[in-house]
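The structure under discussion appears below in the form of structure tokens.
The values are calculated or read from the model by the stated rules, or taken from the named source; none is laboratory data. Nothing here was measured: the structure is a model prediction, and the numbers come from that model. Note that each Cβ is placed from the backbone with ideal geometry, even for glycine, and that neighbours are counted across all protein chains shown. Ligands, DNA and RNA are stripped out before the accessible areas are found, and what is left, the full protein with its side chains, is counted by its heavy atoms. Shrake-Rupley method; radii C 1.70, N 1.55, O 1.52, S 1.80 Å.
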Amino acid sequence: MILGQCLLSTCLGDANLRFGIVATQIEPSGVAVMPDGRRAYVANAVSGTVSVIDLDVTTGTVTPPTTQIAVGTEPASLVLTPNGSRLYVANARSNTVSVIDTSTNAVVATRPVGLEPRGLAITHDGDADDTDEKLYVTSFLASPIAGRDPGRDDAGEGHVTVISTATNNVIGTAIVQPMTSTGFNANGDALARVAPGALFTFPTGAYPNQLNNVAIRGGFAYLPNTGASPNGPVRFDVNTQALLSVLDISSDTDAGVTLNLNQAVAAQASPSRLFPTQPWAMAFRNGSDLGYVVSAASNVVLKIAVDPTSGAATVLADPSDPTRVFEIPVGRNPRGIVVNWNDSRAYVMNYVSRDVTVLDLTAAREQVLATLPSETLPTPGTAADLVHAGRELYNTSVGVFDAAISGRMSASGWSSCASCHPSGLSDQVVWIF
């Protein structure tokens, strides 16, 4: 696991340098830092453990983990309660959440949740009591809606398990509804047996899928996801969509203001437009209703403003060119983002380029301040380098490699292989070709 200076609660300057690599166990997949910055917890997907790392915020000293907490199968993410008394771990393959008491680093409860739990977010009412909050746990893949043909554009719904921190028990499941219309039309309807024609007059819907992350701002929870429109005919803009779904956490119901991020880009001129394929993660500023959505396949971060009353989100335009969506280029295959305590920096984890992009949020137009290598890339020309190139080829929508391989992988960066096969697996969508 890489540790950078500004991951600590007391930042040791602004050098943006890697000062250490800490050995955890196999395949670290998520990290959470205690509110006082003195301890970090790391989920290890293959080992099925959580590593405990002690930090010295005054000197930057890091103590290699001596404690490994056994949790469920393939822990994917973790989150701390606002005051740090409990740690919750999403176990993606055992379909459970482990609850850890941070005073003893012992598992005190294990709760069954929905299928393949991934994203975790917890409310924060601002007091010193951690037992009056709610935990939201996303199921990565959509669930079928009973009685609907599995090839329909509204065949599935997202499930988010809600847990009370008072009892650590499940208190409900919030349903993320499909969109009736994505704003993009098809020129036929496979299920209705209407062959493709000359006119694009058939509205397409989409249902939420690949809910990898959830972020809370005010009274709403925001879920970036890849929406599925399985009903044919197949065309680049009527198969997958870049969605931002919204839950009202006062009632734990869909707020009815799902945003199709692709619509904001559609008005721009082609070929220079770039769609935000595979919205994978999101983070908000602490002091305003502004957030950032990471596009895993298109290697950009979008800036979002949300309405605190309705929950509705808007994609913001580029301050230097109001006709264009503001897209901040980062590393290759970005999969995570965090904003620091005073809203001056954001850090983006780039999976394929093996680095961390540091964004300056104080500028009038947010910009890249530094790039921190987190691990050495394979030596060019080696077998490991070819495997690494294949990994990028699979995950990218834009195809930026090296002198030998470059160019768009799909129309305006609309989709990647991973759009329909995340991590090389099935998205459980019945596609009608």
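Mean residue ellipticity at 222 nm, helices only, the chain: -1500 deg cm²/dmol; runs of at least 4 DSSP H residues each add -39,500 (n - 2.57), and the sum is divided by the number of residues. With bins 10 Å wide beginning at 0, the percent of Cα pairs of the chain falling in each bin runs 4, 21, 33, 27, 11, 2, 0. Result for the chain in a Gaussian network model with C-alpha springs under 10 Å: among 106, 15, 198, the largest mean-square fluctuation is at 198.
With every protein chain present, what is the per residue accessible area of the stretch 128-268 (1.4 Å probe, Å²)?
For the stretch 128-268, the per-residue accessible area is 36 Å².
Helix 383-395 axis versus longest C-alpha principal axis of the chain: approximately 60°, rounded to the nearest ten.
Counted by Cβ distance under 9 Å from residue 228, the other residues give a net charge of -2, where Lys and Arg count +1 and Asp and Glu count -1. Working note: Cα gyration tensor of the stretch 133-202, eigenvalues times five, square-rooted, sorted largest first, giving semi-axes of 37, 12, 7 Å. With springs only between Cα atoms under 10 Å apart, run a GNM on the chain and tell me which of 140, 236, 220 wobbles the most. Its mean-square fluctuation being the largest, the pick is 236. Pairwise inverse Cα distances across the stretch 327-370, averaged and inverted, put the Kirkwood hydrodynamic radius at 10.4 Å.
Taking Cα atoms of the stretch 101-179, Rg/Rh with Kirkwood Rh, to two decimals?
1.09
When the chain is treated as a Gaussian network with alpha carbon springs shorter than 10 Å, the biggest mean-square fluctuation among 37, 172, 126 belongs to 126.
Take the alpha carbon atoms of the stretch 337-395, find their center, do the same for the stretch 150-227, and report the distance between the two centers in whole angstrom. That distance is 29 Å. Would you work out what percent of the accessible area of the stretch 205-289, with all protein chains in place, is carbon or sulfur (probe 1.4 Å)? Result for the stretch 205-289: 48 percent of the exposed heavy-atom area is carbon or sulfur.
If you wrap the tightest convex hull around every Cα atom of the stretch 209-309 and split its volume per residue, you get 112 Å³.
Look at where the Cα atoms of the stretch 38-108 and of the stretch 109-139 average out, and the two centres are 15 Å apart. Solvent-accessible area of the stretch 342-391 (1.4 angstrom probe, protein heavy atoms only): carbon and sulfur portion equals 59 percent. Against the empirical 2.2 N^0.38 Å (N residues), the stretch 292-433 has a Cα radius of gyration ratio of 1.16. Divided by 2.2 N^0.38 Å, where N counts the residues, the Cα radius of gyration of the stretch 278-336 comes to 1.14. In the full protein context, the stretch 57-110 carries 39 Å² of accessible surface per residue, based on a 1.4 Å probe and ignoring ligands, DNA and RNA.
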